[in-house]
Each structure stands twice: as structure tokens, then as C-alpha cells.
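Right, one structure below, let's go through it.
The values are calculated or read from the model by the stated rules, or taken from the named source; none is laboratory data. Here the structure is a predicted model, which is why all the values come from computation and not from measurement. FYI the Cβ positions are ideal-geometry reconstructions off the backbone, even for glycines, and counts take in every protein chain you see. Areas reflect the complete protein model, heavy atoms only, side chains present, ligands, DNA and RNA absent. Shrake-Rupley method; radii C 1.70, N 1.55, O 1.52, S 1.80 Å.
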Amino acid sequence: MAVGVFGGTFDPVHMGHLVLAETAADELGLDRVVFMPAGNPYLKAGTEVSAAEHRMAMVKAAIESNPRFEASTIELEDPGPSYTIESLGRLRTELPDDEQVYLLLGVDSVLEMPRWRCPEGIFDRAQVIAYPRGRMMDSVCQDFVSVLGRKAPVLEGPLLGISGTDIRRRVSRGQSVRYLVPDRVAEYIRRNRLYSSGAPKLPA
Ligand code: ATP
């Protein structure tokens, strides 16, 4: 058995995330991909992140139709910041010993790993897998990203210039986000008036 672990703020979850997860499931032969919304993303301190209830509700709406996709509340259970090394440790205790764990990350996130808590430990607990994103840098070649003296293989998949930042900006300007997020996520954003002034704090 093999599981893909896919963390993020998911504010909101978008087509870039879904294509990454589906590509990983196919290419790596994963039985499931666990989406793990971050509770209080410490590296995004200073930027306003939507309430975890909203982000989780959007993830659930986005993945509902895919039997290989699941959502985990593991990073939402504690009020403090979430650290991938700790989340992987907690997930590991819930999995059979022989289940292979793949940590799925965009190339940009792999390159940020030196700033994370105990990044070497992350490589020991999971096989780190990168998905192409953004401008490819020197440390990134077609096949792998080099970081901390380790190599993360790069999946083959379409380069998708979609980001949560751009989606939030579009919504705040009254522009459409259709085809950038699943219809159900667009509907959730609209109904809860997310990313525009006067957004209710609690899910509608
Ligand atoms: P924001 O713009 O708010 O920073 P984001 O779009 O980068 O958000 P996150 O939830 O922070 O989304 O990302 C979760 C993970 O998904 C990260 O590993 C990130 O690299 C990856 N990811 C997000 N969007 C894409 C994309 N379009 N292509 C490839 N990977 C992506």
C-alpha cells in the first residue's frame, strides 16, 4: 500500500492542487492521497489566512467525487502552528508499518524545506516528491530537485500557473474564478463571501 500526503493552506484548494494529487496518484500508483489543510500556517504569519473550517469545507467539496482522495484534520486538532515533521509522525502511527508514505510538494515548497523544522527528518519519514511549479531554478532539473543534499524526484505533469494568491485577488476584484477551482468551491466562496470585504467569519 502507498499513500500520498499533501499538505497546504488550501486557501482555497484549486485545480493546481487537484491535478498535482491526481498525477501523483497515477504516476506513483498511490492507493490514496490525503489532503492535510494546515491549522495555523506559521510560514504565512503576517498574511491573513481563512478560518480552518472554510478551508477544510472547500477541500471536502473539491475531493468528494474522487474515491482516491481523503481529507485529514490532523493539523487542525492543535491550536498552534503545524509542522510537517510532526504531522508525518502522527500519520505514521495510524498507518500499517509497511505502507509507503510519499510527501507531495510543489517544487517551490521543496526549495523552501531548509527553512522548515527538521527537514532531514522529513526525508527520513517520507519519500519527498516534487511537482513542477513556477520558474525552474538551477537546483531543479527535469528529473529531480536537489535540496539539503537529498534529491526529490520531479513528476511529469502540466505546469499550471494557478495559485491561491491569484484566486483571492480575482475574487476581491469581482473577477471570475471559474475553471480555476471546482464549481463547488467557487459556489462555497460566493456563498460565504470569502476573499471580499465583509466575509462572515463562520461557514454559512
Ligand atoms: P498561496 O498562493 O496562497 O501561497 P498556493 O496556491 O501556493 O497558495 P498552498 O496551499 O500554499 O497553495 O500549496 C500547497 C502545496 O501545493 C504546495 O506544496 C504548493 O507548492 C503546491 N501547489 C500549489 N499550487 C500549485 C500549482 N499550481 N502547481 C504545482 N504545485 C502547486
Among bridges DSSP assigns within the range 103-191, what percent are antiparallel (round to 5)? 45
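Under a Cβ-only charge scheme (Lys and Arg +1, Asp and Glu -1), can you give me the dipole magnitude of the range 1-117 about the Cα centre, in debye to the nearest 20?
Dipole magnitude for the range 1-117 comes out near 260 debye.
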Quick one: how many Å² of residue 193 are accessible to a 1.4 Å probe, rounded to 10? 130
Would you mind telling me the antiparallel percentage of the DSSP bridges in the chain, rounded to 5? 20
Given Cβ point charges of +1 (Lys, Arg) and -1 (Asp, Glu) and nothing else, what value in debye, to the nearest 20, does the dipole of the range 53-194 about its Cα centre take? 960
Using only the heavy atoms of the protein chains and a 1.4 Å probe, how would 91, 159 rank by accessible area, largest first? 159, 91
Listed residues 50, 176, 146, 197 arranged by accessible area, highest first, probe 1.4 Å: 197, 176, 146, 50
How much mean residue ellipticity at 222 nm does the chain get from its helices, if each DSSP H run of length 4 or more adds -39500 (n - 2.57) and you divide by all residues, to the nearest 500 deg cm²/dmol? -9500 deg cm²/dmol
Any idea what % of Cα-Cα pairs in the chain are farther than 27 Å? 28
Please state the equivalent ellipsoid semi-axes for the range 1-116: what are the square roots of 5 times the Cα gyration tensor eigenvalues, largest first, in whole Å? 21, 17, 14
Students sometimes get this wrong: rank 32, 178 by accessible area, probe 1.4 Å, all chains present, largest first. 178, 32
Sequence-distant or interchain residues sharing an amide H contact under 5 Å with residue 5, placed H: which? 34, 102, 103, 104
Tell me, what is the per residue accessible area of the chain in Å², probe radius 1.4 Å? 52
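Can you tell me the relative contact order of the chain? Whole percent, Cα pairs under 8 Å, sequence separation 6 or more.
On the way: 327 pairs, mean separation 49.3, N = 204.
The normalised contact order for the chain reaches 24 percent.
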